[in-house]
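Heads up: the structure comes next, in structure tokens.
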Amino acid sequence: MKLKLLLITLFTFSIGVFSSGQSTINITTTGGSFTSEKWVNITDMADGAGTQIWGQGDGTYGNAQGLINQDIMLAPGTYWVNCYDRFADGWDGTTIDVTAYGASIGNNGGVSPDDGTDNDAGSGWETPADELEASFMIVVPSPPACQVATGITSSNILDTSADFSWTASASETGGYNWEVVPQGDAQGVNVVTSGTTISGASTVSITGLSSGTSYDFYIQTDCGTSGMSTWAGPIVFNTAVVACGSTVYDTGGAAGDYSNNESYTITYLPDTAANVVTLDFTLVDLENCCDTLTIYDGLDNTAPILEADLESIGSFTAINTDGAITIEFTSDGSVGGAGWEANYTCTPRPSCVNVSGITVDSSTSDTVTVSWTENNIPAGTDWEVVAVAAGDPVPAIGTSNATASPFTIPSLMANTSYDVYVRADCSTAFVGLMSVTTDCAVVTTYPYTTDFTTNVPNACWEEAGSDLERLLTGL
């Protein structure tokens with residue numbers, strides 16, 4: 001009777017562990033020290049007992065020791081993941097995470113495996129009981145109706161681009177959605193770039209990234225009527241660092257053309273805070289009507305524009321305090337070209353950098369208030385601000401008259417057009433011109449008389465017309 005009961009119990013346990021169909025899980029071990037000492041297997045009982053279902057490498061105890069990132073096919077059910085160390089002294093900070101379809105199903109409580117003992121007699125693989133550091137249970141779920149892509153890998157990672165490939169999902173019917181976010185951000189947060197693929201695709205080339213930057217890649221399967229899968233990822237990757245002195249190119253590289261429907265922004269930084277960036281464009285071959293390359297003096301595309309639509313070769317040097325230049329490129333859906341090529345260099349910041357970004361903030365009938373961007377490090381404290389009659393020559397250099405931005409120019413004529421110039425005190429040249437017209441004079445003394453035989457209606461007066469009734473009634 002006891003024997004029959006035992007057989008029934010084992011049969012029930014077996015059904016709990018193994019069922020029809022296969023699910024995909026992933027085991028990833030990361031970080032820590034002495035990483036070559038780690039080995040993992042999966043069994044149907046705790047502490048490595050029972051039957052080994054899967055083992056690292058070829059499954060032989062200790063084979064292919066080291067860190068892994070591996071997809072494994074298992075029947076849905078309950079298993080134990082066992083963590084071994086060749087010196088039996090713990091995993092030295094290495095962690096393990098087991099995931100299934102985008103969700104963690106076990107990670108040893110988030111701590112590095114360590115049983116707190118060291119029974120090791122040497123550097124070889126001793127008995128599994130001696131080398132075991134942790135054993136934790138996982139429950140492998142059944143495959144979802146829409147399965148994620150697996151085997152995701154990156155390749156051809158350059159300064160602003162990267163390629164990704166994956167093993168196709170068996171349930172994919174509508175392609176894949178993908179996105180890139182800054183490394184460490186959650187999927188969908190601060191998305192840098194995103195897109196879709198056609199059905200059957202298993203690769204994607206991503207452009208418009210920033211050099212020397214860490215990103216996370218995510219991908220989602222479109223299963224048509226079965227809906228969307230969970231997002232697979234993150235897959236961490238780092239773009240290459242483009243150093244000053246390099247030649248930089250559009251997405252086609254040194255020999256290829258750029259593609260249709262591109263849109264990206266790249267920021268080039270100086271190598272030290274004492275330097276500034278120069279981009280010397282030696283090739284510009286774009287579709288003139290519809291593809292645009294814009295150059296900004298700063299860290300992003302909100303900075304002052306150095307060139308709104310570059311159509312020929314030219315050189316641009318940053319004058320902003322960060323020393324950076326940002327480019328923004330867009331192309332439409334047809335006709336392309338060889339693209340652009342530039343020498344990216346960093347040189348010492350000039351001892352005197354003139355102002356930029358002159359803006360008219362406001363005006364009255366006899367004043368104009370202007371502001372500007374100060375570009376010196378440390379920032380200057382004296383400037384010369386001059387308004388001359390519109391069309392007059394650039395004024396001669398005088399003495400500084402402003403100690404702060406914004407600055408109000410006084411004693412101007414009402415309803416008069418002026419050209420405004422500003423220079424840093426250390427500079428021998430004005431920046432400008434910025435045109436502005438003062439407001440009409442306000443009538444404050446009555447009665448007020450003007451002779452329209454010589455002063456015809458202008459910007460300050462409106463002609464009422466000849467309808468006497470409208471003139472008298474205001475209707």
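Things worth noting here:
- Simple Cβ-charge dipole of region 124-235, Lys/Arg +1 and Asp/Glu -1, about Cα centre, in debye nearest 20: 480
- Diffusion coefficient, µm² s⁻¹, Stokes-Einstein with Kirkwood Rh over alpha-carbon pairs of the chain at 20 °C and 1.002 mPa s: 74
- Computed from the Cβ-Cβ distance with R0 of 60 Å, the FRET efficiency linking ASN261 to THR127 stands at 0.50.
- Of interest is the spacing of the C-alpha centroids, which for region 21-61 and region 432-448 amounts to 83 Å.
- Distribution of pairwise C-alpha distances over region 386-432, 5 Å bins, in %: 5, 19, 29, 26, 15, 4, 1
- Taking the charge dipole of the chain about its Cα centre, with +1 at Lys and Arg Cβ atoms and -1 at Asp and Glu Cβ atoms, the residue from GLY208, PRO76, ILE152 reaching farthest to the positive side is PRO76.
- Taking Cα atoms only, the orientation of helix 2-17 departs from the longest principal axis of the chain by about 20 degrees.
- Taking 7 Å steps out from each Cα toward its Cβ at LEU158 and ALA396 produces label points 5.5 nm apart.
- Helix-only arithmetic for the chain: the sum of -39500 (n - 2.57) across DSSP H runs with n ≥ 4, divided by the residue total, places the mean residue ellipticity at 222 nm at -1500 deg cm²/dmol.
- Proxy reagent accessibility, fewest Cβ within 10 Å first, across VAL148, VAL284: VAL284, VAL148
- R0 of 45 Å, Cβ-Cβ distance ALA404-CYS289: FRET efficiency to nearest 0.05: 0.50
- About the centre of its Cα atoms, the chain shows a dipole size close to 1160 debye [charges on the beta carbon of Lys, Arg (+1) and Asp, Glu (-1) only; nearest 20 debye].
FYI, it's all coordinate maths here, none of it is from the lab. Model, not experiment: these values are computed from the prediction. Reconstructed Cβ throughout: ideal geometry from the backbone, glycine too, with neighbour counts over all protein chains shown.
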